[in-house]
């Protein structure tokens, strides 16, 4: 059965998802050992793809599973995603995104030879150590690690070590590129810290809590509209607006992958500027700079 016929039948609802995935696996022809001198690496989101490409340059073919504009909490893999994994040597994943939690066990079952690498292993311990002695409340359940410098730094190290295990022949090359990336991250951290010293208010409003690590690292307060994955009730909304006014919020961030209507209404109510951001952008450096610029221009 061809991939197109599987996709066609799945759209009509005639095949259960598990069967679609199994059939797709059977349709793949290239083995994981056939890589013709280049690694094939799959990853969940564009920011981690950027890290991997920074480390490997032309020595790896990197595929992103999550299309732009899709929230990782609710995305479901397609048959083509499963085929991509079956043709990859490794899957480097964030670690705790909704999509990953829901499908990782099935991925293991369908692809027993696929190298699975959790890029956030050990990061929680780092987060707790960095948060010790600070007044802000630590968030244990926000998986958007890549929006903070320490998350990017940690995930870069994890990716580097995994890639070296996959391709030992080019370890020296990967090491050179990793050292360059590390210096770039250090310089970006210094740039961000210097910029944020100019803030008149250290609070901002956002719909989905995707900047938790960023806020914790740099002593900011993230006021989240969404409550347990849903729009807030009237009482929760009143509390949010009251806190935003109390702290002098000047910026409300609107994320590309979520509906902007409620966020824009709150920005209007507060008289705050609306700033569209994309935490899932592959260019995580420019995205972080844009977020900092929005806050400092408030």
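Going by Cα centres, segment 38-66 and segment 215-260 are how many Å apart? The distance from the Cα centre of segment 38-66 to that of segment 215-260 comes to 33 Å. What FRET efficiency comes out for residue 259 versus residue 238 if R0 is 25 angstrom and r is the Cβ-Cβ distance? Round to the nearest 0.05. With R0 = 25 Å, the Cβ-Cβ based efficiency is 0.75.
Straightening the chain between residue 106 and residue 226 buys 40.3 nm, computed as 0.36 nm per residue apart minus the Cα-Cα spacing. Applying 0.36 nm per residue to the separation of residue 194 and residue 296 and subtracting their alpha-carbon distance, the gain on full extension is 35.6 nm.
As a calculated quantity, the FRET efficiency between residue 201 and residue 38 at R0 = 30 Å, using C-beta atoms, amounts to about 0.05. Computed packing ranks the peptides 65-71, 209-215 as 209-215, 65-71, most packed first, by mean other Cβ atoms within 10 Å.
Determine the relative contact order of segment 200-296: mean sequence separation of Cα pairs under 8 Å and six or more apart, normalised by residue count, in whole percent. Walk me through the numbers on the way to the answer.
Values: 132 pairs, mean separation 26.6, N = 97.
Answer for segment 200-296 is 27 percent.
Remark: the residue 179-residue 276 segment gains 31.7 nm on full extension, using 0.36 nm per residue and subtracting the alpha carbon distance.
Here, each number is a calculation from the coordinates, and none is a lab measurement. Every value quoted in this text rests on a predicted model; they were computed, and no experiment measured them. With ideal geometry, Cβ positions are generated from the backbone for all residues, glycine too; neighbour counts draw on all protein chains shown.
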